[in-house]
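Report on the structure given below.
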Amino acid sequence: MNAFLNPSIVVLGKRLEGRQQSGLLRKLPVPHTLLDFCSNDYLGFSSSESLQQQFSIAKQTYGNAPLGATGSRLLTGNSIFAEDLEQHIANVQGQQAALLFNSGYTANLGLFSCLPQKGDTIITDELIHCSVIDGCRLSFGKRLKFKHNDLSSLEEKLKMSSGICFVAIESVYSMDGDLAPLLEINTLCQKYGALLIVDEAHAFGVFGKGLVHLTGLTEQVFAVLITFGKALGAHGAIILGSRLLRNYLINFARSFIYSTAMSFSQLLYIQMAYQFLQNQEELTITLQYKIRLFHSCLSQVKEVENHRSAVHAVIIPGNSSAYKASRLLSEQGFAVHPILSPTVPIGKERLRICLHSYNTDEDIKRLCHFLINAL
Ligand SMILES: Cc1ncc(COP(=O)(O)O)c(C=O)c1O
């Protein structure tokens, strides 16, 4: 029978209709030319002419490199280049070892599915990224959640843990942009012998080498995730930690084992962009200035948290209100995404505003003016 005539298709269609009726149907957006207040390209690397030029020149040097990796790293996809890149990033980040993954999503999937085994415990912040949650779902460990950034809630869960205990947090939370109390969480983990894992997807590049490095915790944190798809404007990710962790992941992380490795071009671009970042301190300083400007324009009148990350949430309760606000903004030339429930709790629907080193002062002020006066 033609698959499209199978009666089960009707059920799938009904599920989609349900989404449509609740206003949550996802669609791929049409590419636009609006002012970017929504991408994760915090430092503008994805369109940096200088980086593009450097990349083209470097590519010529490796003229006959293969186009594809041809297999998993464990089969034909490994290269000295990949291993050197891992060790170089590990050294610069002050870590023993590192392992590349095809994306942050697959890195978290691999890490959290293979670390906690039956009898072990994984404690996550309640706002942890979906990739961590999905990884935990594939693991046989027990998962406990603690209240967002709440130390006493974390301690309560630490007391309930059994077996090896892992604690997973983000140093900068992707939907609110607020920072985790890293030092305090680390102290609690040390007290209870738990292994701390920090996702630095939105901190790396915005805060130099990330907040684990900045707070001097590199030797105490068990694993750190850096993604290349955000401030580095590339794609892929790396997990940093001990040599033992790297060997463990090579042996047990299924998203690493059973997937074709990144191509040489991707690795080369990551190498160039990582190097580029080391020489672009002024871009990070500019970004921090833009964040302060946005905050000073908006904070007297709107509920926005005063933090130094590039992500800011302007709460507009209700899915339809948040959606409408984003549409009004796009009519004014601003690209700002609404974040709806159930991605965020009901009543916490919001506009997620991302600031970039390349947003002009004028545009930031105009955006704030519109947020204050029209919403
Ligand atoms: C906190 C966090 N971790 C992991 C990821 C996944 O990273 P990637 O986009 O490289 O798959 C994201 C991306 O949205 C994220 O925000």
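The values are calculated or read from the model by the stated rules, or taken from the named source; none is laboratory data. It should be emphasised that the depicted structure is a prediction, and the values quoted were computed from it without experimental measurement. Positions of Cβ are generated from backbone atoms using ideal geometry, with glycine treated the same way; all protein chains shown enter the neighbour counts. Note: accessible area is taken over every heavy atom of the protein model, side chains too, but ligands, DNA and RNA are not part of it. Shrake-Rupley method; radii C 1.70, N 1.55, O 1.52, S 1.80 Å.
Worth pointing out:
- Note on segment 1-55: with neighbouring protein chains present and a 1.4 Å probe, carbon and sulfur make up 59 percent of its accessible heavy-atom surface.
- Using C-alpha pairs below 8 Å separated by at least 6 residues, the relative contact order for segment 218-375 is 18 percent.
- Surface share of carbon and sulfur [accessible, 1.4 angstrom probe, percent] for segment 263-375: 53 percent
- All Cα pairs of segment 32-133, percent lying beyond 19 Å: 69 percent
- When all protein chains stay in place and ligands, DNA and RNA are ignored, the 1.4 Å accessible-area order of LYS230, LYS27, largest first, is LYS27, LYS230.
- Potential extension, GLN21-THR260 segment - 0.36 nm per residue separation minus Cα distance: 82.2 nm
- The residues of the chain expose on average 49 square angstrom of accessible surface per residue, using a 1.4 Å probe on protein heavy atoms.
- Gap separating the Cα centres of segment 54-89 and segment 216-273, nearest whole Å: 14 Å
- For the chain, a/c is less than 1.5, where a ≥ b ≥ c are the root eigenvalues of the C-alpha gyration tensor. That puts it in the rounded class.
- Extension gain, ILE346 to ARG137: 0.36 nm times the residue separation minus the Cα-Cα distance gives 72.9 nm.
- The equivalent ellipsoid of segment 312-353 has semi-axes of 17, 10, 7 Å, largest first, where each one is the square root of 5 times an eigenvalue of the Cα gyration tensor.
- Couplings 3J(HN,Hα) for segment 150-165, derived from phi with the Karplus relation 6.51 cos²θ - 1.76 cosθ + 1.60 (θ = phi - 60°), are 9, 5, 5, 5, 4, 4, 4, 6, 4, 5, 8, 7, 9, x, 6, 10 Hz, where x marks Gly and Pro.
- Computed extension length for ASP150-ARG327: 60.3 nm, one decimal, from 0.36 nm per residue of separation with the Cα-Cα distance subtracted.
- With one equal scatterer per alpha carbon and no solvent term, the Debye-computed log10 I(q)/I(0) for segment 63-278 at 0.16 1/Å reads -1.03.
- Per-residue ellipticity at 222 nm from helix content only, as computed over the chain with -39500 (n - 2.57) for each DSSP H run of at least four residues, stands at -12500 deg cm²/dmol.
- Legend: calculated FRET efficiency, ARG292 to LYS118, from the Cβ-Cβ distance at R0 = 35 Å, rounded to 0.05, equals 0.10.
- Taking the average, over residues, of other Cβ atoms within 10 Å as the packing measure, peptides 46-54, 163-171 rank 163-171, 46-54 from highest down.
- Flagged links, alpha-carbon separation over 23 Å, of LYS209/LYS365; LYS145/LYS348; LYS209/LYS290; LYS59/LYS209; LYS147/LYS191: LYS209/LYS365; LYS59/LYS209
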